[in-house]
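To start, the structure under review is shown below, and the notes come after it.
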Amino acid sequence: MKVQQGPRLVAGIHWVILTAWPIPAWSPRLMAAPNPHAPAIFPADKICLFLDLDGTLIEFGRTPREVRPDPRLVPILRALQIALKGAIALISGRRVEELDQLLNPLRLPAAGIHGLERRDATGRLYRTDRSLTALRSIRPAILEFVSSHIGLLLEDKGDALAVHYRRAPHLKEFVHAEVARLAAPLRPTFTVLA
């Protein structure tokens, strides 16, 4: 199993993703549909895949809106969905609606905005019911902070704020500290993901 590290999309804080192969090394061998003649490590009825999108199945873009999936991705995910009898789901910092746009026409069970939105296998969408008034109260301060530093980007997801620093990696520690300071009054209702 390969451990990949990359920038996280919420609060600009890094994460660790575990993947079974070094995606996105789009080799035709890796991107082929499952081979029915290959020996199974586990029976398909014992496997459920939870797959991250950005930086794992889709390469990072300069901004979140600039990413485009490889055209082979949707057919491969569909083949996995069939092979695993539906036991596949996406996990993302993006909204579920954005996942659908990126992978159209495929609609998989998903956890969007790091679990604040969830769609089950029947297609039912669940959203948090908590008040977002407190989050709205710090948006201006976060926007001012981001605007005052070249290379930072604020992504307002409605239920969450993401500060991207991929274009200014030298600001990593500063961004972590400042986002934590600005978000401190919102604890424990809101959390900075690290």
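The values are calculated or read from the model by the stated rules, or taken from the named source; none is laboratory data. As the structure is a prediction and not an experimental result, all values here were calculated from the model. FYI the Cβ positions are ideal-geometry reconstructions off the backbone, even for glycines, and counts take in every protein chain you see. Please note that ligands, DNA and RNA were not included when accessible areas were found on the heavy atoms of the full protein model with its side chains. Shrake-Rupley method; radii C 1.70, N 1.55, O 1.52, S 1.80 Å.
For region 53-182, the solvent-accessible area of protein heavy atoms averages 52 Å² per residue (probe radius 1.4 Å; ligands and nucleic acids excluded). The accessible surface of region 59-133, taken with every protein chain in place and a 1.4 Å probe, is 52 percent carbon and sulfur. In this view, the solvent-accessible surface of Leu80, computed with a 1.4 Å probe and all protein chains in place, comes to about 40 Å². Each residue was assigned an accessible area with a 1.4 Å probe, and for Tyr165 the value is about 10 Å².
Stretched out straight at 0.36 nm per residue, the stretch from Ile76 to Leu154 would grow longer than its current Cα-Cα span by 24.9 nm. These residues, Ile88, Ile150, go from largest to smallest accessible area, 1.4 Å probe, as Ile150, Ile88. Computed from the C-beta positions of Glu144 and Glu66 and an R0 of 30 Å, the FRET efficiency is 0.75 to the nearest 0.05. With every protein chain in place and a 1.4 angstrom probe, the accessible-area ranking of Arg94, Arg167, largest first, reads Arg167, Arg94.
Seen from Glu97, the other residues with C-beta closer than 14 Å to its C-beta sum to a net charge of +4, counting Lys and Arg as +1 and Asp and Glu as -1.
Note on Asp120: accessible area approximately 50 square angstrom, rounded to 10, probe 1.4 Å, nucleic acids and ligands left out.
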